[in-house]
Amino acid sequence: MGWGLKLELKGITKRFGSLVANDHIDLLVQPGQVHSLLGENGAGKSTLMNVLYGLYEPSEGQILVDDKPVTFDGPGDAMAAGIGMVHQHFMLVPVFTVAENVALGNEATKAGGMLNLDDTRARIREISDQYGFEVDPDAVIEDLPVGVQQRVEIIKALLRDAEVLILDEPTAVLTPKETDELLGIMGQLKADGKAIVFISHKLREVKAVSDIITVIRRGKVVGDAPASASTTELAEMMVGRAVSLTLNKEAAQPGEETFTVSDLTVLSPTGQRVVDGISFGIARGEIMAVAGVQGNGQTELTEAILGLQDHVSGSIRLEGRELVGKRVKDIIGAGVGFVPEDRSVEGLVGTFSVAENLILNRYDRPPFARGLAMKPGLIAKNAEQYIAEFDVRTQSAEAAAGTLSGGNQQKVVMARELSRPLKLFIASQPTRGVDVGSIEFLHKRIVAERDVGTPVLIVSTELDEVLELADRIAVLYQGRLMGIVPAGTSRGELGLMMAGMNAEEAQAQQAQAEAQQTDVEGGEE
Amino acid sequence: MSADEPGRQTRKRHERGSKSAVDGDEQRLVAAAELGDGTQPPPAVPATGESLHPELREQQSVMQRIVTGNALVSVLAVVLALIAGGILIALTNEEVARTSSYFFARPQDMLGAAWTAASEAYIALFQGSVFNSDGSTFARMIYPLTQTLTVATPLICAALGVALAFRAGLFNIGAQGQIIIGATLAAWVGFSWHLPVGLHLLLVILAGIVGGALWGGLVGLLKAKTGAHEVIVSIMLNYVAINLVLYLLTIPAFQRPGSTNPISPQLDETAMYPPLFGDTFRLHWGFIVAILATFFAWWLLNRSTIGFELRAVGSNPHAARTAGISVTKGYVIVMVLAGALAGLAGTAQVAGTEQVLTAGVAASFGFDAITVALLGRSTPWGTFAAGVLFGAFRAGGVTMQTNTGTAIDIVLVVQSLIVLFIAAPPLVRTIFRLPEPGQLTAKPRKTASTGGAA
């Protein structure tokens, strides 16, 4: 369908006040190509795409469609010009069917204003068959897996005759298997003459699927690279300096097992078993990493340890003391350091100063308080010390924590949790949304905490991070433990476990797959 | 992650797109620019992390922004409200109406009349509330100011209570009821107990505090234990309080001997706040108590562990919980404190200004207190200043009506407009062409992040 569309951005500049988010960006997107935009979070990729999609008006520069200059006043104009966007967070009404969602905003009506979805259904089937989407037009969105919901978004764009598809961080919410399926779909669309703009910061995926890679740093195009460029080269272009992507950590020296979880079950407020009979232990000086697709019980597991979950059964013991049933305050007091998964919601009070956030869970203990009175002098001194030690880039200790960048916010949370002697350290998504430079630093601090003999529990949805940090890997699927495997386990095997296979099955299937040389999972390795 | 979140985000982004830099990317870039560091890679936006609970963040931030907004916005809101009030005064003036009939022949007549009407009204307001230059003695000249402070006393106390609750993220509409119950208990101790000087007043104050604290604490307890919404509970408790005092005033224990009027006996001399500057002035020691209460609230909020907890609960209950702070305990504590402060306002009424208990003891102080706290941006000293301003409106409004015939209702209109302008900071910004927070100073907005999908 269609002959494709040539899209060109010329000298796009987007200013916000005195700030330049996009600085004279040129981009040429050709039909039948996957064009990746690679850059760190905050580099200006999203701004550029929002300009292209008509959500922002560029301060300078031109958008050319088939060599004709166009201006977009809103997403409607962009769609009319053949540009479709799949956002990272889907814009679907959960209780509507696929057909209703696809028709939304573009509804056909019969006489008397009745909704006519027959055409929509037919076209969804058509597209679904053409690309092998396997989407039922009458399925209700909330019943569908995330990967399928994403395809519905793609169908939405295709039904509106999109020739250029912008995919904004599409793999962030997918399992490795779903990711591979999506990369496959992208290939089909490309073969069909569509242009795809693929936004990502995951080097592996970008390399696997791109025809051309444009790297953006600080609002400027750093350069183009072919898909054959090495990961290190791409990372350097992204960050602007040499980065070591591999952590050189010593082998773990596990001591005695001081932290044990036995038969832990957590019920959600609606009574579902979100953590289902989990048992494991972590030794002193060992990092246990929990892998799994987001929403498979990891949050509830860590929150249960900290005492934030209400319906917990089973036992959690730290150095012989039972933690289940204790108050959060007492568990923190018992020496549990906790980095929550969403720092801006659970980790920091955005309106509080950096200094206040650095004592957020010790504000009422000496030396920061005596009785009811707090000690501003000591609080400031504490802030000074940890801002220096963790290299937190902030205007001052009094600046509101919400004004810091994601990486610096994370450093504040880490500094707070690591600034006291710990008996257990838990970090969820320790480097989510953090720039590459800070990732290195934060990983080193986590390993350093392990090396002083603290049991460490890491939860991450990024397989790379899990493989980087773990001494042992536990995989969670739908609240159940699929198995605990050693650090060297292959990506493919972990992927299978993350999709609900237990360790033995996964190992067997992976071995078989490798034998057949049809490596379905993680083929780009 | 429900699918309607991103819809909202993008819509927002679109609405604000041309004006402000609040999208994740820009926010981080701003921060990067601010750090001005050439070697460090640009900081990042939490790609998925920031948008886990955008609806919660949104709710928190709107409320927090309104109740703890910019001081400049408060001042400008007052200015705007006074200008709008002035226009209303002119519009309702008879002289202006008369001269407008030949506006096109001699416009200066009407404009002049309008100016005269508005300026005279405001001069009278000033003379009635701050300094009366026509007074025969210095005491007469300064009398209006002491009147202002007298009226401001209960306002300040009650508004401090509302402000504290705001800071903990609660909307305490129940100051009215808390004042009434505090006043009732204080008055009862004042007229039915007979105790020595000093001790009696102390117990009266304590009774007021306890009464208010009970009434406020009940709201906090219901919210903490059952999740009942504080706005609804506190409004309903206002009705309970007013009807309770109406009933009490029908029973002999609260009536004057031999009378069935709904008015209590006068409080004992020993139970009352002594006058501050002698009997010429109505200003009493309650005002000093209000100053002390303001200082206490400041210390509590900014220098004590309780204040730290309350502010954390108010700004981000999730982070507070994760840090081991009990959110529900915070709700109870802050409502007890808020009620206690409102109870002090009730004490100031019965033991200072009114000296008896009637059903109208709280006037509309409990509701004005909300406005005052808003205008004071929920900071203790800001609330103090706003309380004095509102005291001036009330005290001066009477003089304005008698001297210039301008209806005292205009003061109410001005007060209401102040609230309106404060609740709509973008309106004030547009009128005065103020930059969005974060644009001029290149400082990112604190809480308005809509979660950047980078």
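The values are calculated or read from the model by the stated rules, or taken from the named source; none is laboratory data. None of the values given here were measured: they were computed from a predicted structure. In this analysis, Cβ positions are derived from the backbone assuming ideal geometry, glycine residues included, and neighbour counts consider all displayed protein chains. Each accessible area value is taken on the protein alone, full model and side chains, heavy atoms only, with ligands, DNA and RNA left out. Shrake-Rupley method; radii C 1.70, N 1.55, O 1.52, S 1.80 Å.
Of note:
- Residue-averaged [θ]222 nm for the protein assembly as shown, counting only DSSP H segments that reach four residues, each worth -39500 (n - 2.57): -15500 deg cm²/dmol
- Considering only alpha-carbon pairs that sit under 8 angstrom and 6 or more positions apart, the relative contact order computed for the range B:141-388 is 42 percent.
- Comparing Cα centroids, the range A:474-490 and the range B:284-363 end up 52 angstrom apart.
- Stretching B:A71 away from B:S259 to a fully extended chain increases their span by 62.6 nm, per 0.36 nm per residue minus the current alpha-carbon distance.
- Per-q log10 I(q)/I(0), the protein assembly as shown, q = 0.05, 0.06, 0.09 Å⁻¹ (Debye; single scatterer per alpha-carbon; no solvent): -0.38, -0.54, -1.05
- Under 16 Å from the Cα of B:K329 - aspartates and glutamates, other chains or at least 8 residues apart: A:D330, A:D364, B:E230, B:E309
- The charge dipole of chain A, taken about the Cα centre with unit charges on the Cβ atoms of Lys, Arg (+1) and Asp, Glu (-1), comes to about 1920 debye, rounded to the nearest 20.
- Taking chain A and dividing mean pair separation by its residue count, relative contact order in percent (alpha carbons under 8 Å, at least six apart): 14
- Label-point separation in nm, A:L104 to A:K381, each point 7 Å along Cα→Cβ: 5.7
- Set of the range A:69-97 residues, backbone N closer than 15 Å to the point 7 Å along the Cα-Cβ line of A:L115: A:92-97
- Principal semi-axes of the equivalent ellipsoid, √(5λ) from the alpha carbon gyration tensor of the range B:256-400, are 34, 18, 15 Å from largest down.
- Under 5 Å between amide hydrogens, built in the peptide plane, is the criterion, and for A:R480 it picks out A:D276 among residues at least 5 positions away or on other chains.
- Evaluated over the Cα positions of the range B:141-388, the convex hull gives a direction-averaged projected area, one quarter of its surface, of 13.3 nm².
- HN-Hα J in Hz across the range B:376-388 - Karplus 6.51, -1.76, 1.60, θ = phi - 60°, x for Gly and Pro: x, 6, 6, 9, x, 6, x, 5, 4, 4, 5, x, 5
- Here the range A:328-484 was treated as a single set of alpha-carbon atoms; its pair distances binned every 10 Å from 0 give 10, 39, 36, 12, 3 percent.
- Under 5 Å from the amide H of B:H284 lie the amide H atoms of B:L276, each residue being 5 or more positions distant or on a separate chain, with H modelled from the backbone and absent for Pro and chain starts.
- Placing B:H229, A:H89, B:H194 in order of accessible area, with the largest value first and a 1.4 Å probe, yields B:H194, B:H229, A:H89.
- Residues in the range B:71-85 carry Karplus couplings, in order, of 4, 4, 4, 4, 5, 5, 4, 5, 4, 4, 5, 5, 5, 4, x Hz; the curve used is 6.51 cos²θ - 1.76 cosθ + 1.60 with θ = phi - 60°, and Gly or Pro positions show x.
- Cα→Cβ-extended label distance, 7 Å offset, between B:N302 and B:I83, nm: 3.1
- Using the Cβ-Cβ distance between A:V95 and B:L195 with R0 set to 60 Å, the FRET efficiency works out to roughly 0.35.
- The charge dipole of the range B:141-388, taken about the Cα centre with unit charges on the Cβ atoms of Lys, Arg (+1) and Asp, Glu (-1), comes to about 720 debye, rounded to the nearest 20.
- Violating pairs (Cα-Cα greater than 26 angstrom) within the set A:K220/A:K249; A:K156/A:K220; A:K423/B:K225; A:K156/A:K177; A:K6/A:K207; A:K177/A:K207: A:K220/A:K249; A:K156/A:K220; A:K423/B:K225
- Relative contact order of the range B:145-221, taken over Cα pairs closer than 8 Å and 6 or more residues apart, is 30 percent.
- Solvent-accessible area assigned to carbon and sulfur over the range B:141-388 amounts to 71 percent, based on a 1.4 Å probe.
- Positive dipole terminus of the protein assembly as shown, leading residue within A:L494, A:A78, B:G330 (C-beta point charges): B:G330
- Placed amide H near A:N22: partners under 5 Å, 5+ positions off or other chain: A:K14
- Mean partner shielding of peptide A:409-419, defined as the number of other chain Cβ atoms within 10 Å of each residue Cβ, is 1.
- Chain A - Rg over Rh from alpha carbon coordinates, Kirkwood radius: 0.99
- Summed over all non-identical Cα pairs, the Kirkwood treatment of the range B:69-195 gives a radius of 18.9 Å.
- Modelled label positions at B:I431 and A:A242, each set 7 Å beyond Cα in the direction of Cβ, lie 6.1 nm from each other.
- With the charge dipole of the protein assembly as shown set up from +1 on Lys and Arg Cβ and -1 on Asp and Glu Cβ about the Cα centre, the Cα lying farthest toward the positive end among the listed residues B:S74, A:V293, A:G255 is that of B:S74.
- For the chain pair A and B, the buried solvent-accessible surface (1.4 Å probe, both sides summed) amounts to about 6400 Å².
- Computed from the Cβ-Cβ distance with R0 of 22 Å, the FRET efficiency linking B:E95 to B:N403 stands at 0.90.
- R0 of 41 Å, Cβ-Cβ distance A:D192-A:D310: FRET efficiency to nearest 0.05: 0.20
- The range A:150-262, dipole about Cα centre (Lys/Arg Cβ +1, Asp/Glu Cβ -1), debye to the nearest 20: 380
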